[in-house]
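J.: Quick one: structure below, then a few questions.
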Amino acid sequence: MAEINCTQVTEFSLMGFTEDPVTQVIFFLMFLLIYLFTILGNLGMIALIRASPQLHSPMYYFLGNLAFVDLCSSTVITPKMLVDFMSEKKGIAYVGCMAQVFIFDLFGMTECFLLAMMAYDRYMAICHPLVYPLVMSPKYCFQLVMGSYLMGLTNGMGQTIGMSNLSFCGSSVINLFFCDISPLISLSTSNTTLSRIILRTSASLFGLSSSLVVLVSYVAIISAILSIRSAEGTRKAFSTCISHLTTVSIFYGTSLFMYLKPSSDSSREDKWAAVFYTVVTPMLNPLIYSLRNKEVKEALRRLTKPK
């Protein structure tokens, strides 16, 4: 009866990093710079892949979509955070919060599957090079990418539908800088069993399946590389997947730390882990591929070379 008569929350308050005005300005400038690098890096990567014929291959088709996903996921979080640094009232409407949960979960899970598809692509290229052009056809790559987006859409819709049935009649303070599903479930005054089941099922079904593809692919890749007798052949084979392996390590490492780490009384560590996962990682991915990938550097050199 108390829940029926309670007043439903229409706006949530987001906790910032600090109340000190000078520190807020410093954080604003720092995250603004990171966001600008994220936009330029990912848009630049997409434009470079589209403009360079030598990058029209399955690996870079997946990479272009990864850059698009990173750009979208960062844009869902960072602009709102920048506005809050300059605002006294750090609030977000209920509808806006649900939209942020949906879009962030959509692109977050899409990235999981894109990274898995990129690992599968490297597996086919290294372990089955003779049938690679036949298997990784443009049509099949398109289907893999669309499947990744579909998995992300399914995850986002499932999480949002589970959240929409919850009541928020108590505290409206989210101890984070964006609307994440875990703290929202903790704030709910209604029965959260269904939402927690959806969250755990989604994490198990989608997260574990995509990470399993990555793990199995790299076990096979490493086994194939170790069987190569020449040191030069081993180096070349390993260099084709080092950038992706670095990206996978950063993405899964930060996400596992963020969602599996036991929450502490002081959530400062949790906030900075969330910053790295949601803000910094989308900036790092294009840097990793541009700095460590010879084909990307060569394509960039050709485009910028004076004619």
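J.: Quick one: how many Å² of V219 are accessible to a 1.4 Å probe, rounded to 10?
T.: Result for V219: roughly 90 Å² accessible.
J.: May I ask you to give the average projected area over all directions of the convex hull of the Cα atoms of the chain, in nm² rounded to one decimal?
T.: Its Cα hull, projected and averaged over all orientations, spans 18.8 nm².
J.: Most mobile of S249, S217, S13 per a Gaussian network model of the chain (Cα springs, under 10 Å)?
T.: Most flexible of the set in this elastic network: S249.
J.: By the gyration tensor of its Cα atoms, with a ≥ b ≥ c the square roots of the eigenvalues, what is the shape of segment 120-182: rounded for a/c under 1.5, prolate for a/b over b/c, or oblate?
T.: prolate
J.: Is the C-alpha gyration tensor of segment 39-133 telling us rounded, prolate or oblate? Criteria: a/c under 1.5 is rounded; beyond that, a/b larger than b/c is prolate, otherwise oblate.
T.: prolate
J.: Under a 5 Å amide H to amide H cut-off, with H placed in plane at 1.01 Å, what residues pair with S190 once short-range neighbours are removed?
T.: S167
J.: Okay, moving on. At 1.4 Å probe size, put R122, R196, R235 in order of accessible surface, largest to smallest. Please list the in-between numbers first.
T.: Working: R122 20, R196 90, R235 110 Å².
From most accessible down to least: R235, R196, R122.
J.: Cα-based count: Lys pairs in the chain below 13 Å, eight or more positions apart or different chains?
T.: Step by step, the pairs that qualify in the chain add up to 5.
J.: Would you please give the residues with an amide H less than 5 Å from that of E11, counting only those at least 5 places away or on a separate chain, with H modeled from the backbone geometry?
T.: Amide H neighbours of E11, under 5 Å, 5+ apart: Y94.
J.: Moving on. Which of Y123, N175, I185 sits closest to the plus end of the dipole of the chain, meaning its Cα is farthest towards the positive end, when Lys and Arg get +1 and Asp and Glu get -1 on the C-beta?
T.: Farthest towards the positive pole: Y123.
J.: Got a sec? What order do F276, F102, F12 fall in by accessible area at 1.4 Å, biggest, i.e. largest, first? Before the final figure, lay out each step's value.
T.: Values: F276 80, F102 55, F12 0 Å².
The residues order as F276, F102, F12, largest area first.
J.: Now for a different question. On a 0 to 90 degree scale, rounded to 10, what angle separates helix 138-164 from the longest Cα axis of the chain?
T.: 10
J.: Grab the Cα-Cα distance for L153 and T304, subtract it from 0.36 nm times how many residues apart they are, and report the gain in nm with one decimal.
T.: Fully extending the segment from L153 to T304 adds 50.6 nm.
J.: Ok, one more. Hey, if we sort I197, I221 by accessible area with the 1.4 Å probe, largest down, what's the order?
T.: Per-residue accessible area, sorted high to low, gives I197, I221.
J.: Work out from phi, with θ = phi - 60° and the Karplus expression 6.51 cos²θ - 1.76 cosθ + 1.60, the ³J(HN,Hα) of each residue of segment 299-304, listed in order in whole Hz, and give x for Gly and Pro.
T.: 3J(HN,Hα) across segment 299-304, in whole Hz: 5, 5, 5, 5, 6, 8.
J.: With a cut-off of 8 Å between alpha carbons and a minimum separation of six or more residues, what is the relative contact order of segment 11-293 in percent? Could you put the intermediate results ahead of the total?
T.: Working: 315 pairs, mean separation 75.9, N = 283.
Contact order relative to length: 27 percent.
J.: Along Cα→Cβ, 7 Å out, is where each label goes; now give me the distance between the ones at L166 and S182 in nm to one decimal.
T.: Placing both labels 7 Å along Cα→Cβ, they lie 1.3 nm apart.
J.: Mind checking the angle between helix 58-85 and the chain's longest principal axis? C-alpha axes, 0 to 90 degrees, to the nearest 10.
T.: 30
J.: Further, regarding this structure: Show me the ranking of peptides 294-304, 106-116 by mean Cβ neighbours inside 10 Å, starting with the highest.
T.: 106-116, 294-304
J.: Still on this structure: Stretch T246-W272 to full length: gain in nm at 0.36 nm per residue minus the Cα-Cα span?
T.: 7.3 nm
J.: Using 0.36 nm per residue, how much length does the chain from T18 to K297 gain when fully extended, once their Cα-Cα distance is taken away?
T.: Roughly 96.4 nm would be gained on extension.
J.: Continuing with this model, one more query. Roll a 1.4 angstrom probe over the protein heavy atoms and tell me the percent of accessible area of segment 40-142 that is carbon or sulfur.
T.: Details: 3160 of 4290 Å².
Carbon plus sulfur share of accessible area: 74 percent.
The values are calculated or read from the model by the stated rules, or taken from the named source; none is laboratory data. Please read all numbers here as calculations on a predicted model, not as lab measurements. Cβ: placed from backbone, ideal geometry, glycine included. Neighbour counts: every protein chain shown. Areas reflect the complete protein model, heavy atoms only, side chains present, ligands, DNA and RNA absent. Shrake-Rupley method; radii C 1.70, N 1.55, O 1.52, S 1.80 Å.
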